[in-house]
């Protein structure tokens, strides 16, 4: 079993990111959520590695969800040790202050990048919701239009009924005139 801290070091992301991914994709994981501590299996580690790789490739949260639902996992080999080692490189002598400042800046930039990725995903999800809402409205209007067209087609138009009434009046008048003529001729 792995802890959040272990997973974060192994993937080269911060613990908060690991927890957020674990919560987001919890239905695909077998992680044991006990209190504040998460216990991850090797399968969970592979799943989170896949999420990390797909995020790096620019996949949205919903696209990753679709991949995980389909049982996909990245084909990239999971690193044996931590992805990012915060210890100063031994082969190159860098002053500790410079190294510490660079690491702090990297963490800040990674945090900003993660914030922007989340913002992008929310914008995409919002756009998808807006498109879905508009499509629902369009389908509703199309349904109403169809119902109204059906009503028009099931009843003859008003002009038809006016023409029928006009013919009936003319026929009635002709019959009355014929009756009068016949009545006068016989009397």
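Please treat every number below as a calculation from the coordinates, not as lab data. If you're wondering where the values come from, they're calculated on a predicted model, not measured in any experiment. All Cβ positions, even for glycine, are placed from backbone atoms using ideal geometry, and neighbour counts span all protein chains on display.
Some points to look at:
- Here the calculated FRET efficiency for residue 123 and residue 160, from their Cβ-Cβ distance with R0 = 45 Å, stands at 0.25, rounded to the nearest 0.05.
- For the stretch 115-179: Kirkwood Rh in Å [reciprocal of mean 1/r, alpha carbons]: 17.0
- Averaged over residues, the count of other Cβ atoms within 10 Å places the peptides 161-172, 99-110 in the sequence 99-110, 161-172, highest first.
- At q = 0.13, 0.17, 0.24, 0.26 Å⁻¹ the log10 of I(q)/I(0) for the stretch 1-82 amounts to -0.34, -0.60, -1.25, -1.47, computed by Debye summation with a single uniform scatterer per C-alpha, solvent ignored.
- Relative to the current alpha-carbon distance between residue 131 and residue 100, full extension at 0.36 nm per residue lengthens the span by 6.5 nm.
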